[in-house]
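Have a look at the structure below, then the notes.
Every read-out reported here was derived from the displayed coordinates using simple, explicitly stated rules and does not represent laboratory data. Everything quoted here is computed from the prediction, not taken from an experiment. Here the Cβ positions follow ideal geometry from the backbone for every residue, glycine too, while neighbour counts run over all protein chains shown.
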Amino acid sequence: MFFRKDITKLKQDLNIQTNLLGFDLSFKTRWGVFSPRAIDAGTDLLMRHLEIGEQGRFLDLGCGYGAIGLAVAKACPQGEVQMVDKDFVAVELANINAKLNNLPNANAYLSDAFLSVNKDNYFDQIISNVPAKVGREQLSIILYDAYDALKPGGKIVFVTINGLREFIKDNFKSVFGNYKKIKQGQKYTIAEAIKVK
């Protein structure tokens, strides 16, 4: 239980210092956004197995405070990283964190999944730590929009709880025609698919 005297402190930004994709990064977070005290286990697993090219256009879908997108921006300074979230606080923090880490090639903006995103063969890679509660209908919408948003040869990479593993496998195969499991951990699975045409 918290008392009134605790509230001012609780309203202050939290700070995370971490290493992602081999780079030291700093993040400001707040109570109310996903995993405010530390990088969550799903993102951590993803960051240990994610392959990033030296250039390209990337989308961090459901970016939160920007951990995935900003690590990608750091790893690919000649690339363009767009980060989207439907939570305005997350978007604000992601942009603050882009400045904090001196990453002008990354930008966050408000979008409910792909609603405000360029869906015309634009991205080389779409990456997401998919929320467990997103719902199968919304996941289906996301996958078809992701297919449209990727360039031919582009790749989608998701980390999900293991409970969604078979759903992702079936739907990657249905939408993209292919599926590859990158890594399965105790609680999370990383999977990818490629837009062949």
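Every Cα-Cα pair of the stretch 7-81 was included, and the share exceeding 18 Å stands at 40 percent. Considering all different alpha carbon pairs of the chain, the Kirkwood hydrodynamic radius works out to 16.9 Å. Summing Lys and Arg as +1 and Asp and Glu as -1 over all other residues whose Cβ lies under 12 Å from the Cβ of ASN162 gives a net charge of +4. In the chain, a dipole from Cβ-located charges (positive for Lys and Arg, negative for Asp and Glu) runs towards its positive end, and of VAL159, LEU70, GLN138 it is VAL159 whose Cα lies farthest in that direction. Reported to the nearest whole Å, the Cα centre-to-centre distance from the stretch 146-197 to the stretch 14-43 is 24.
Treating only the Cβ atoms of Lys and Arg (+1) and Asp and Glu (-1) as charged, compute the dipole magnitude of the stretch 92-142 about its Cα centre; round to the nearest 20 debye. Spell out each step's value before the answer.
Numbers: 4 positive and 5 negative charges, 27 e Å.
Dipole about the Cα centre, nearest 20: 120 debye.
What does the charge add up to near ILE96, with Lys and Arg as +1, Asp and Glu as -1, over the other residues with Cβ less than 12 Å from its Cβ? Once all neighbours under 12 Å are counted, the net charge is +1. Here the chain is treated with +1 on each Lys and Arg Cβ and -1 on each Asp and Glu Cβ, and its dipole about the Cα centre works out to around 460 debye.
Considering only ILE52, ILE68, ILE127, the mean-square fluctuation computed in a Gaussian network model of the chain, springs between alpha carbons under 10 angstrom, is largest for ILE52. In the chain, taking the dipole from charged Cβ atoms about the Cα centre, the farthest positive-side position among SER116, LEU46, ILE7 is held by ILE7.
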